[in-house]
């Protein structure tokens, strides 16, 4: 087998492979012999059909199969011989494909980038520390109460945080517009669910009252036909209901699966959950800073095949998350390219750090992570047992732990500043940078 390789770009390789005719004929004959043992042809007993008849009937198909298998086999033999690491399937173009002659074809493909991860010292990390104060716990209990609020009919004018049931008709340029009318809609005043001015315009209304609201759609409204336009909404208020927060009692605790522990037991469980959330938030923020730093210090070229695969994966995830009748390939690739590129780059960089430092998942950390995740459930022992019986889930946990070990490896050389903050600041999501 003859092999030559041409570098057509940083990552693309054009490999020409020649396969001797003798090897092709050997593979063709092997398939014809297999066919001869089981072929059923009128006038001949199974296994007794002359090879000339077998060849006449089946040689073309056997040759096609043999050539296809040989191209696949010799391609992988060639990349091993040339010490290449393909990043995707090759594009194959036959150059010589005649019976009785050597097979020659060209395989064009991308390889994984070769690089060494560096610049750990340039990675700057602000590592937060915080505690769950009693005031944080009190705030969380109020949030839980508000999340379980119920509404009772109120014989008074509507005010913020009340829930109204309304009918409305919207018009622009004197004509009703699509999506601008509804009946029996529940609306909590102050929720900012409607366009600016809509909810404010219903403060003070009573059940049975009709109000006409003259408003303007925001300039950045998602429906471009309505963006910046004036509109008139005729709103009928059917009911006004005021919020009633639940009492912190056994019935409330039972909703969270916490029984017969009283208020102190409930506070203890909520505090545990908050502390777990706090640890995860701090860990996540440190990891994101480390990954941002590694990306900045290690610019690499991404194979198109890997980028395309990641875009397709994100398309599928988007369809699964938002549903609808749309197919993944109907979503524009541009929507996912930036995120896909970051994920592929980080995957390559993290894998290279693992290789450079010969990292292996720490099984003690794997056990601790499983216990941490299981502690959020009512029967943690069953959750731990389930993980250890499920090899796929165990491998996913090991991958998470290995990534944490990569972060720890970088932190040993990175510029780390510790900062004490409040619980609220520690768990607050990092705001995405605004586009220019």
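Nothing in this text is a laboratory measurement; each read-out follows from the coordinates by a stated rule. Since we're looking at a predicted model, the values are computed, not measured. Every residue, glycine among them, receives a Cβ derived from its backbone with ideal geometry; neighbour counts consider all protein chains shown.
The angle separating the long axis of helix 380-389 from the principal Cα axis of greatest extent in the chain is about 10 degrees. Taken along the Cα-to-beta-carbon direction at a fixed 7 Å, the label points for residue 69 and residue 25 span 1.9 nm. Each label was represented as a point 7 Å from its Cα along the Cα-to-Cβ direction; for residue 390 and residue 157 these points are 5.6 nm apart. What the Cα atoms of the chain give is an Rg and a Dmax of 33.1, 100 Å.
Relative to the longest principal axis of the Cα atoms of the chain, helix 391-411 runs at roughly 80 degrees.
To the nearest 0.05, how large is the calculated FRET efficiency for residue 223 and residue 335 if R₀ is 25 Å and r is the Cβ-Cβ distance? Computed FRET efficiency for residue 223 and residue 335: 0.85.
Applying 0.36 nm per residue to the separation of residue 317 and residue 182 and subtracting their alpha-carbon distance, the gain on full extension is 45.4 nm. For the stretch 365-390, the residues whose amide N sits under 20 Å from a probe point set 7 Å from the Cα of residue 416 along the beta carbon direction are 365-366, 368-369. Along the Cα-to-Cβ line of residue 57, 7 Å from the Cα, sits a label point; which residues in the stretch 28-49 have backbone N less than 18 Å from it? Residues 29-49 fall inside that zone. The angle between the Cα long axis of helix 51-81 and the longest principal axis of the Cα atoms of the chain comes to about 60 degrees, rounded to the nearest 10. Extension gain for residue 355 to residue 242 (0.36 nm times residue separation, less C-alpha to C-alpha distance): 34.6 nm.
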